[in-house]
C-alpha cells in the first residue's frame, strides 16, 4: 500500500513539474496547466488521506471516507479529461466537486455558518478563474442550493446519517484550507502569466514604435514631450533629446507654425483628432549651414480618458515624410496645367483653322458647281469629271471643317442650345434623306422602328438632327454590303432612347470604352480601311451630355454595333412655368433671377 502511494506521489510530482515548465506561455496554456495541476493536487491529497479515512470508517466515522472518495473520483475524472484535451469539462468537474464537498460538510455540521458553506463559496471564485461563462452561472445557482441545504440542516430537516462530532469542524477546516490553497495557486499562476503577457505586449508595442518608419511622439497634458521614437532621429537628422521642449516647434517652418499649433490645441483641449501637412527642418551632415526643409504629414490623436472629463488630453503625434508625394502632386499639377493649356491651344487652333478653311472651301465648292452646271460655258466630258471631283472633295472638306468647328465650340463651352418641344419621329425622314446616297452606294437598307405614342421631346432640334445623322452615317460606313441599319425610338422612364443598330464589323471592349474620345478610331493608323476624322461620336457624346443625356454603346467584333442616346423628355433645363405657384405665408426675400442659371446650364462641359 505504501509503495503504491509512493509511486503515485512521484507521478503526481512529475506532472506538477511538467505543468510548471509548460506554463510559461500564453494565458490559455497556463489556464490549462493550472486545471491539470489542480486535478493532480486533489487526487494526491485524497489518495494520501484515504488510509486515514479507512481507519475512520473502522471507528464508525463515515464523513472522512466519503470526502476522500469524492476527491479521488474528482481527481481521476478530471485528470482523464485533461489527458483527452477536454479542459473545459475538467474545470467544470472541479467546480462541481468543490460544491459537492461543501454540500456534504454543511449538511454534516448543523451550524448555518460553517466551513462547508465557506468551501462552497470558493467554487464560484474557482469558476471565475478557470471556467467559461456557463459554468460560472451554474456555480452561483448551485451555491444557492447549498445555502438552502445549510439552512435546512440548521433546522434539523436535512440530517447527516451519523451523529455530529467536533472532529467534523477540523475536517471542514482542512478541506477549506486545501480548497483555498488551490484557488490561491490558480490565481497566482494566472496573475503571473498575465503580467508576463502584458509585459510582452508592452515590449512588442515598444519595439514596433521604435522601429516603425514613421516617427512617433507623445505629449503630456501640459504639452511636454513624454516619448520620442528612434525613427524620429532618421526623420529629422538629430538626436531624440533635441526634440524635447521647444525643439519640435523650432523645426517647423514659420509659415506653418500657426496651423500646427492650432491643430495641437484642438487635440489637446477639445480631444479632436487632426491632420496637417507642414514643412519641417531636417539636419543634414553634408550641409550643416544650409537648412533643408521636408514636407511632413502630422497626425494628432488625443488620448481620451473617460474618467477624467473637462481636462486636457495627452496627444500622440505620428509624423510621416511626404516630400516625394508632395513633389509628385506638384508635378501632376504642372502637367495638368500644361495639358489644359495644350487643349485650349488645340481648340483655338481648330477653331481658327476651321474659320480660315471655310471661306476658300465655299469658293471652291461654289465655282466647281458652276462649272458642272454649265453656267460658265460647256465643258468637255473630261473637264466635267474633274469639276465633279473637285466639288465632291470640297463638300467632304466642308463637312470636316463643320465637325472641327462643332467640336471646338463644344470643348470651349460656346455651343448654345435652342430648345423647343417637337415630335421625335419628325427627325427620321430628313435624316434618312441625308444619308440615303451613302446607303445606296453600299446597298445598305435603312429601316425605322418608331412607335406611334411617343411623347413630345424638349430639345434642340438641330442638335438632335446632327446626332442622328452622325449615328446613321457611322452605321452605314461600317456596315457590310446588302445589310440593314435600323433606327429605333422608345420611351425609357424620363428619357427618350434613340438607338441605331447595324450588322457591320463591330468593335472590341477596349474600343467601346474609348468611344467618344476626339479623333479616336477603332481602326487607326495609315492602313485603316475606313475614312473619317474620329469626331462624329465625340460630337454626339458632347451634344447628348449638353442635353443632360448620355451615349451608350454595345458591340462585339463581327456582330455589329448598337449605339443608344438617352435624351431627357423635359429638356436640359428647369421649366419655371411647369412649377405650381406656392402661396407665401410670410414675407420672404424676392426670389433670385434664374435666367443666368439657365443660360449656364445650356453651355457645354
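The values are calculated or read from the model by the stated rules, or taken from the named source; none is laboratory data. Since the model is a prediction, treat every value here as computed from it, not as a measurement. Cβ atoms come from the backbone with ideal geometry, glycine included; neighbour counts cover every protein chain shown.
A few notes on this one:
- Unmet criterion (only one of (1) surrounded by fewer than 15 Cβ atoms within 10 Å (Cβ to Cβ); (2) modelled with pLDDT of 90 or more) for residue 377: (2)
- In the range 231-241, the count of residues that are more than 16 Å from residue 317 (Cβ to Cβ) and part of a helix (DSSP H, G or I) is one or more.
- Taken across the range 213-220, residues that are under 18 Å from residue 280 (Cβ atoms), touching a helix residue (DSSP H, G or I) at 6+ places or on another chain (Cβ under 6 Å) and modelled with pLDDT of 80 or more do occur, with at least one present.
- Residues within the range 241-261 that are closer than 16 Å to residue 216 by Cα and surrounded by fewer than 18 Cβ atoms within 10 Å (Cβ to Cβ), tallied: 6
- Search result, residues across the range 274-295 that are modelled with pLDDT under 90 and surrounded by fewer than 16 Cβ atoms within 10 Å (Cβ to Cβ): 283, 284, 285, 286, 287, 288, 289, 290, 291, 292, 293
- Flag if residue 135 is within 60 Å of the chain's Cα centre (by Cα), touching a residue at least 40 places away in the same chain (Cβ under 8 Å) and in the same structural domain as residue 178 (by TED's automatic domain parsing): yes
- Note on the range 217-232: among residues that are farther than 15 Å from residue 247 by Cα and under 32 Å from the mean Cα position of the chain (by Cα), the one that is surrounded by the most Cβ atoms within 10 Å (Cβ to Cβ) is 231.
Condition check ((1) more than 44 Å from the chain's Cα centre (by Cα); (2) without any contact (Cβ under 8 Å) to a residue 12 or more places away in the chain; (3) surrounded by 18 or more Cβ atoms within 10 Å (Cβ to Cβ)) across all residues:
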| site | (1), (2), (3) |
| --- | --- |
| 449 | yes, no, no |
| 452 | yes, yes, no |
| 459 | no, no, yes |
| 464 | no, no, yes |
| 468 | no, no, yes |
| 471 | no, no, yes |
| 474 | no, no, yes |
| 482 | yes, no, no |
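- Listed by position, the helices (runs of 4 or more DSSP H) enclosed by the range 439-554 that each have at least 3 residues that are modelled with pLDDT of 85 or more and closer than 25 Å to residue 426 by Cα are 461-477.
- Leading residue by the ranking (nearest to the chain's Cα centre (by Cα)) among those in the range 30-77 that are under 21 Å from residue 166 (Cα atoms) and in contact (Cβ under 8 Å) with a residue 60 or more places away in the chain: 67
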